[in-house]
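Only one structure is covered here, and it is reproduced in the block below.
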Amino acid sequence: MLSQLERLLNGCDTMILMKILNYIMFTLFLANSNWAAGADFNNLEEACVNDLRKFAGAADVKLLKQACEKVVVDLPCVSAEGRPIFHYQKLSEEVGAKKILVFSLIHGDETPAGTVGRYWMERLEAIAPRNSWRVVPVLNPDGVKYKTRTNANKIDVNRNFPTKDWESSAVSNWKKSTGGNIRRFPGKEAGSEPETKCAIHHIEEFKPDFIVSVHTPLKVLDFDGPKIASPPKYDYLPWKSLGSFPGSLGRYMWMERNTPVLTMELKENLPPNFGPFEKLQDIIGTLVKLESRRATVNVEEPSSKYLSLLSEK
Ligand SMILES: [Zn+2]
C-alpha cells in the first residue's frame, strides 16, 4: 500500500501534489472549524456570481460566470464567521509583466468598491493584460453581510495590519485621533483578524509589485508610493495624499515594505458607465510600469505619452 502511494506520488507533478495537499488540509480545516456560512463553500462559483451580482451597476453575466469559474479560496482565507474570501487571478503572458494585487471591500459597508472588483474581474476575462492581476473582490464578507465597516469581531481590518508601531500607538492613536470611534477600532492585538491574515497571505504568496485598495467615499486617489512628479491624468477623481495610520495597509506595505499602495476612495454613487473604472485600471497598469522604471524614465514627461503607449488591453 505504502509503496503504491510512493509510486503514485513520485509520478505526480509537484504542483498537482501541492494542490491535492492544499485541498486535503483545507477540507480538514473546514471540518474542524465552527463556521456559520459553510454552505457558501459547496459551490464557490455560484456563491461568487451571486455575491458579486448583488453590487450595484450592471454585471456582464457571461464574463462574470467565466471569472467566477476560476476563483479559489486559499487556506487562511476564511472570515471570522467562516465565509470564504475567494480570489480571482489572471496572469499576463507579456515579458516584464508586473504583479498587481487588488483588495476590494476591506471595509464592508463601502459596496461601490465591490462593483469595481467585479468589473475588473469581468474585464480581465475579456483582455490579455500587460500585467498579472490578482483580485480579492470581497476581503471582508462578514462586514458586507452586516453592512459594517468592521469585520464580525467589530475590528477595522485596515487598522489591524501588524505595522512596527502597532503595539506602541495603534490603540492610543485610535483614541486620540478618532475619540475612540468604534468604526475604527484596531483590535486588541496586531494582525489578529482572519481577514488581515488572508490579506497578508496574498501579499506573501503573490508578492505584488503594486497593491490597490478600493474604498468609498472620500473621492480621491491616495497614492502611498514614490514621488511621481506628474501623476497620470484622471478626471474622475483627484490625486490627494491622505496619510497613513498605525495598522493600515498603506503603512504596512509602502512605509515598511516599499510596495506602493493606491487607495481608491470612490464616490458613493457609481458613474453612469464603467468608463472611469476601465481608465483607472489602465492607469494602474501604467503606474506599476512607471514605478518599476522610475530610475531610468523621466517621469516629468507628459503622462499622456505613457497612457497612449501603454493600455491594459
Ligand atoms: Zn474604507
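Nothing in this text is a laboratory measurement; each read-out follows from the coordinates by a stated rule. As the structure is a computational prediction, the values presented were derived from the model and not from experiment. Reconstructed Cβ throughout: ideal geometry from the backbone, glycine too, with neighbour counts over all protein chains shown.
Any residue in the range 98-116 that's among the aromatic types (Phe, Trp, Tyr): show its pairings with residues that are within 14 Å of the ligand (Cβ to nearest atom) and assigned to a helix (DSSP H, G or I) at Cβ separation under 8 Å, as long as the two are six or more apart or on different chains.
Phe103/Ala199; Phe103/Leu249
Could you list, in sequence order, all residues of the range 224-256 that are within 19 Å of Asn131 (Cβ to Cβ), outside any loop (DSSP other than H, G, I, E, B) and away from the ligand (no atom under 16 Å from the Cβ)?
Trp254
Just for the range 156-178: of the residues that are hydroxyl-bearing (Ser, Thr, Tyr) and within 16 Å of the ligand (Cβ to nearest atom), which one is nearest to Ser244 (Cα to Cα)?
Checking each candidate, the answer is Ser177.
Are any residues in the range 65-119 crowded, with 23+ Cβ neighbours inside 10 Å, in a strand (DSSP E or B), of a type outside the set (A, V, I, L, M, F, W, C) and away from the ligand (no atom under 16 Å from the Cβ), and if so, which ones?
Within the range 65-119, Pro84, His87, Tyr88 meet the criteria.
One line per residue, one yes/no per condition, for (1) surrounded by fewer than 20 Cβ atoms within 10 Å (Cβ to Cβ); (2) of a type in the set (S, T, N, Q):
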site	(1), (2)
Phe210	no, no
Asp224	no, no
Lys233	yes, no
Leu237	yes, no
Ser241	yes, yes
Ser244	no, yes
Ser248	no, yes
Arg251	no, no
